[in-house]
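Here's the structure, in structure tokens; my notes come after.
The values are calculated or read from the model by the stated rules, or taken from the named source; none is laboratory data. This is a predicted model, so every value here is computed, not measured. Glycine gets a Cβ as well: all are built from the backbone with ideal geometry, and neighbour counts include every protein chain shown. When the accessible area is computed, the model is the full protein with side chains, heavy atoms only, and any ligands, DNA or RNA have been set aside. Shrake-Rupley method; radii C 1.70, N 1.55, O 1.52, S 1.80 Å.
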Amino acid sequence: MNDLQEVAVPFFDLQGQLADLRPEFEAALDEIYRSATFIMGPQVERFEEAFADFCGASHCVSVGSGTAALKLTLQALEIGPGDEVIVPANTYIASALAVSLVGARPVPVDIDQYYHMDPALVEQAITPRTKALMPVHLYGQAMPMTGPLRLAASHGLKVVEDACQAHGAIIEGRRAGTIGDAGCFSFYPSKNLGALGDGGAVVTNDAGLAEAVRLRRDFGQRKKYEHLIKGENSRLDTIQAAFLLAKLKHLTAWNDRRRALAASYDRELAALGVRPPLRRAADAHVYHLYVIEFPNRDRARAFLQDEGIHTGVHYPVPFHRQPAYADLDLPAGSLPKAERSCLRVLSLPMFPEMTDSQLGRVVRAIRSYLNGEASAGYKVLSGATV
Ligand SMILES: *Cc1c(COP(=O)(O)O)cnc(C)c1O
């Protein structure tokens, strides 16, 4: 191993967690191996109950992915062709794709300084075709829902929360995902609660909506060979439910560790003159990602990479500027704040098993980057995007 590899800090690393949980995972796997109930085994319902309980919601329906959770929820709410759903311009593209997959049109609105859909802009985006709002609790920070709920009530809209990055975040006293008509979660391996493969869930307090999603995820059947609607196949594997049950017990501690790491980053970066990410309240953020901004992001990222610090960009191009959404016909500059933030955002290494010394290495590398840029006469310190 050379020096660089020795000090390299991964952006995200599951190895420590996988090693710790290996005995539990193997026991769970052994049980399922013996029973050979790979689909809809008892662990699926046990996980659904545990996750509903964790969130403080009446119902949880597990599904095949976060995208499926969003799509099945929109379908269960009877949103489809000719309808519009308002989404933030800065999100993972799956939020918008779920809307497109049901045949509706995602309508992006620009973001506020927390990278959330700007409530002031949502109302202007409402048309007679608007059927739902899809607030995204981006980067692990829950956005206040009072505004969206009020708008939804006065315009007769549904509210589907994309909580795929915000397992456990709390806003206005409630968990992200439990405030609107439904909340959608992803258990993609790198999420705060991640399976060992794909998975997702819908949580809701609406029994009828839960039942509609339950039917849709399993060929529209209530009982075997009794098909009430045209559903599809999007279930959480028994094996993944068992792994998630084992991991759920650790979620609060992992989120606390992420917050402690974020507090260290905040302090160290502020001392260097870099603005830490804005936080709405202590328990609102579970730091799925720790995102800062640099005016010369790509140069900062390349410098850190050379120092062995691996970073991410979430996201380099807003969905309305992707080739897939050329049909929206939204030219550059349409959503200026989101577009500008995409050029500046940089996600620093963040995962619960990250050590204080790894964090120290990240901060030292950022300090040398800033020193180097300053002596070369570049403007390096970031103000806010908006
Ligand atoms: C991960 C993610 C999704 C999609 O979840 P998958 O399980 O990968 O389908 C949707 N929205 C957001 C904001 C996400 O981060």
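One table, with the values for the structure above:
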{"quantity": "Yes/no for ARG175 being open to solvent by 20 Å² or more (accessible area, probe 1.4 Å), over 19 Å from ILE79 (Cα atoms) and touching a helix residue (DSSP H, G or I) at 6+ places or on another chain (Cβ under 6 Å)", "calculated": "yes"}
{"quantity": "The range 228-246, residues that are open to solvent by less than 70 Å² (accessible area, probe 1.4 Å), polar (S, T, N, Q) and not in a loop (DSSP other than H, G, I, E, B)", "calculated": "THR238, GLN240"}
{"quantity": "Residues (away from the ligand (no atom under 15 Å from the Cβ) and open to solvent by less than 10 Å² (accessible area, probe 1.4 Å)) located in the range 189-208", "calculated": "THR204"}
{"quantity": "Residue within the range 82-92 that is over 18 Å from VAL203 (Cα atoms) and within 9 Å of the ligand (Cβ to nearest atom) present", "calculated": "yes"}
{"quantity": "From the options GLY177, GLY156, residue that is of a type outside the set (A, V, I, L, M) and free of Cβ contacts under 8 Å to residues at least 12 places away in the same chain", "calculated": "GLY156"}
{"quantity": "Test for ALA68: is it within 16 Å of the ligand (Cβ to nearest atom), in contact with a Lys or Arg (Cβ under 9 Å, 6 or more places away or on another chain) and farther than 28 Å from ARG259 by Cβ", "calculated": "yes"}
{"quantity": "Given (1) within 15 Å of the ligand (Cβ to nearest atom); (2) outside any loop (DSSP other than H, G, I, E, B); (3) surrounded by fewer than 23 Cβ atoms within 10 Å (Cβ to Cβ), number of the condition VAL99 does not satisfy", "calculated": "(3)"}
{"quantity": "Enumeration of residues in the range 162-171 that are in contact with a strand residue (DSSP E or B) (Cβ under 8 Å, 6 or more places away or on another chain) and in a strand (DSSP E or B)", "calculated": "ASP162"}
{"quantity": "Some residue of the range 297-315 being closer than 21 Å to ASN90 by Cα, hydroxyl-bearing (Ser, Thr, Tyr) and more than 16 Å from the ligand (Cβ to nearest atom)", "calculated": "yes"}
{"quantity": "Conditions (1) touching a residue at least 24 places away in the same chain (Cβ under 8 Å); (2) of a type outside the set (Phe, Trp, Tyr); (3) closer than 27 Å to VAL286 by Cα; number of the one not met by LEU121", "calculated": "(1)"}
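Condition check ((1) within 12 Å of the ligand (Cβ to nearest atom); (2) more than 24 Å from ALA76 (Cα to Cα)) across all residues:
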site	(1), (2)
TYR115	yes, yes
ASP118	no, yes
PRO128	no, no
GLY156	no, no
ALA163	yes, no
ALA166	yes, no
ILE170	no, yes
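Matching residues to (1) assigned to a helix (DSSP H, G or I); (2) within 18 Å of ILE179 (Cα to Cα); (3) open to solvent by 10 Å² or more (accessible area, probe 1.4 Å):
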| position | (1), (2), (3) |
| --- | --- |
| PRO108 | no, no, yes |
| GLN113 | no, no, yes |
| LEU121 | yes, no, yes |
| PRO144 | no, yes, yes |
| ARG150 | yes, yes, yes |
| ALA153 | yes, yes, yes |
| VAL160 | no, yes, no |
